[in-house]
Amino acid sequence: MNYPVIDERILATVQSTWWSRRRHRGDVPPLPPGAVYVFRVGGNYCLFPEGMVFDPTHPDVLDASSVSLVDTRARLVDVERPLPSVSEADNFTVRASFTCQVTDPVVIARQGIIDVTVPLRAYLMGDGDLPRVSAAYRVEEVNAVRTEVSHRMTAYSTIVPPRVAGMSVEFVSAEVHASDDLRDWEQKMRDERRSWELQRGQRDFETQDALRIAELLSQGSDHVDAFGIARKEIDITAAAARIHRTTEQESAHRHEAETSNRAHAQAREAADAQMRRDTVLTLLRQMGGSEYVDYHQVLEQVLRETGGRGAPGVGTASDAARMLESGTARPGRTETGRNGSHDPQGGFVKDEDDLVD
């Protein structure tokens with residue numbers, strides 16, 4: 001760090017000429033803003049008048065053997081010192097900040113302070129009790145060490161203020177940093193934590209988006225189409241054509257289902273009618289092989305088998321009863337009346353064929 005002395009240069013002796021003595025302007029380095037010239041003339045150091053235009057014929061310029069450029073502006077200077085921790089493998093680093101400003105450029109040039117951090121680092125190293133502040137802490141407890149070091153440096157700078165000849169120096173603050181390994185580890189952990197939080201946030205967004213889409217789909221295709229049309233992702237003409245095509249397909253499916261249901265009902269009715277006819281024929285065959293037939297019992301059985309509905313070729317119950325009561329019995333048979341008496345011909349039909357229309 002080139003502060004406060006920015007540059008130093010040895011000057012050659014100016015030879016006398018016929019005309020006059022003057023130093024070449026290129027022998028003296030240009031003066032930056034905020035700096036002053038300090039010439040060494042013999043054993044003395046002379047400050048070139050600040051604000052004065054450089055004069056190559058000035059006596060101090062002509063007789064100087066060297067020149068120093070001294071920066072007189074205030075600067076903030078940082079100085080570092082390592083501090084031990086409870087572990088021998090890790091250290092803390094304290095960085096103390098000081099404000100410095102040149103008050104006497106001549107003294108600074110005489111001492112040749114090219115780097116002001118050298119005397120300030122010596123001042124910081126002069127506090128022998130500072131390492132004891134951090135030695136009881138682990139490197140992970142850097143925040144506690146920061147507080148302790150700040151208190152210690154404030155007290156130390158108050159009792160033993162920093163001094164550099166020709167400058168005003170004041171302690172500003174002290175910062176404590178952990179080792180590079182710990183900093184790299186914490187940075188890696190931070191990056192991993194941020195990456196995990198980012199992934200979790202993305203998953204949450206995806207879940208919310210999926211729920212929103214599911215809710216949208218649950219409201220039906222018309223709502224989905226309207227949403228897509230509103231976002232200009234679906235063409236309204238194409239949506240209308242698709243809806244019309246879907247409606248026609250649904251109408252065709254309903255018509256086909258109704259036709260199938262009617263055909264099935266008709267088939268069941270035909271099967272039931274055939275079953276009733278088969279039942280009547282079966283009963284008639286059984287009656288043909290029997291000598292005595294109780295037609296009232298036969299009629300009741302037929303009605304039970306057909307569910308109370310008349311079978312093809314068979315009349316209603318009242319008609320059948322009248323037919324049975326008015327028919328003639330077979331020869332040699334007597335009718336058993338309702339009162340238990342027998343009538344030779346009452347209550348029987350003459351022939352089984354009379355049961356069929």
If I go through segment 1-50 residue by residue, how many of them are free of Cβ contacts under 8 Å to residues at least 24 places away in the same chain and part of a strand (DSSP E or B)? 1
Testing ILE159 on (1) closer than 27 Å to ARG132 by Cβ; (2) surrounded by 13 or more Cβ atoms within 10 Å (Cβ to Cβ), one condition comes back false. Which one is that? (2)
Does ASP63 meet the test of being closer than 30 Å to ARG25 by Cα and at pLDDT 95 or above? no
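Go through the residues of segment 178-189 one by one and say whether even a single one is modelled with pLDDT of 75 or more, under 30 Å from ALA96 (Cβ atoms) and not in a helix (DSSP H, G or I).
Applying the first criterion (modelled with pLDDT of 75 or more) to segment 178-189 yields 178, 187-189.
In the following step, the residues that additionally are under 30 Å from ALA96 (Cβ atoms) were identified as 178, 187-189.
Narrowing the set further to residues that are not in a helix (DSSP H, G or I) leaves 178.
There is at least one residue in segment 178-189 that is modelled with pLDDT of 75 or more, under 30 Å from ALA96 (Cβ atoms) and not in a helix (DSSP H, G or I).
Given the structure, is PHE171 at pLDDT below 90 and either of a type in the set (Phe, Trp, Tyr) or in the same structural domain as ARG95 (by TED's automatic domain parsing) (or both)?
Values: at pLDDT below 90: no; either of a type in the set (Phe, Trp, Tyr) or in the same structural domain as ARG95 (by TED's automatic domain parsing) (or both): yes.
Taking the combined requirement at face value, the residue does not satisfy it.
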Verdict on ARG73 being assigned to a loop (DSSP other than H, G, I, E, B), out of contact with any Cys (no Cβ under 9 Å at 6 or more places or on another chain) and surrounded by 19 or more Cβ atoms within 10 Å (Cβ to Cβ): no
Those residues of segment 166-184 which are surrounded by fewer than 14 Cβ atoms within 10 Å (Cβ to Cβ) and hydrophobic (A, V, I, L, M, F, W, C) amount to VAL172
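The values are calculated or read from the model by the stated rules, or taken from the named source; none is laboratory data. Since this is a predicted model, take the numbers as computed values, not measurements. Cβ atoms come from the backbone with ideal geometry, glycine included; neighbour counts cover every protein chain shown.
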